[in-house]
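Shown next, in C-alpha cells, is the structure this report addresses.
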Amino acid sequence: MVDLLFAITVGVLFSVGVFQMLRRDLIKAAMGFSILFTAINLYIIAVGAFDGNVPAYANQPEDSQSSDPLVQALILTAIVVSFGSYALLLSFVTTIARRFETLDSDEVNELVG
C-alpha cells in the first residue's frame, strides 16, 4: 500500500512539475522546476528504501540489518544540487524581469538567435 502511495505521489508531482515548467510565466516555470526536483528526490527515496532494523550510522549487532547509507547520501547531494540550481534559475528570472520588464517568455524576443 505504501509503495502505491509513493508511486501515485511521485507521478502527480512529476506531472505537475513538468506542466508548470511548460508555462509561459517564468515564475511558474521556476516553481515547476522546484516541484520536479522534489518529485525526483521522493523517487530516489522510494526506490532506495531498505527496511533495516537499525540506522546506517549505529553500531549494529550481529543479527541485525542496517539501512542503506547510499540512499541518504544521494538524497543529501541531490538536495544541495537542486538548491544551487534553483538559486541560479531564480537569478536568471530576476535578471530577465529587470532587463525586459516582463515575466512572459514570449515577450522576451531578444533571446531568439
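Counting the residues of the range 40-50 that are more than 26 Å from L88 (Cα to Cα) and in a helix (DSSP H, G or I) gives 2.
Do we find a residue being at pLDDT 90 or above and farther than 23 Å from D3 by Cβ anywhere in the range 33-43? Yes, the range 33-43 has at least one match.
Out of everything in the range 7-20 that is of a type outside the set (S, T, Y), under 15 Å from the mean Cα position of the chain (by Cα) and surrounded by fewer than 18 Cβ atoms within 10 Å (Cβ to Cβ), what residue ends up being nearest to A78 (Cα to Cα)? Here the answer is F14.
Would you check if S105 is modelled with pLDDT of 90 or more and of a type in the set (S, T, N, Q)? Answer is no for this residue.
Restricting the first member to the range 88-107 and to residues that are within 22 Å of S34 (Cα to Cα), and the second to residues that are among the aromatic types (F, W, Y), the beta-carbon pairs closer than 8 Å and six or more apart or on different chains are L89/F33. The condition of being modelled with pLDDT under 95, farther than 20 Å from I8 by Cα and among the β-branched types (V, I, T) holds for only one of V47, V71, that being V71.
Tell me yes or no: at least one residue of the range 21-39 is touching a Leu at 6+ places or on another chain (Cβ under 9 Å), outside any helix (DSSP H, G or I) and over 14 Å from A78 (Cβ atoms). Yes, some residue in the range 21-39 is touching a Leu at 6+ places or on another chain (Cβ under 9 Å), outside any helix (DSSP H, G or I) and over 14 Å from A78 (Cβ atoms).
The values are calculated or read from the model by the stated rules, or taken from the named source; none is laboratory data. All of these numbers come straight from a predicted model, not from anything done at the bench. Cβ coordinates were reconstructed from backbone atoms using ideal geometry, including for glycine residues, and neighbour counts include every protein chain displayed.
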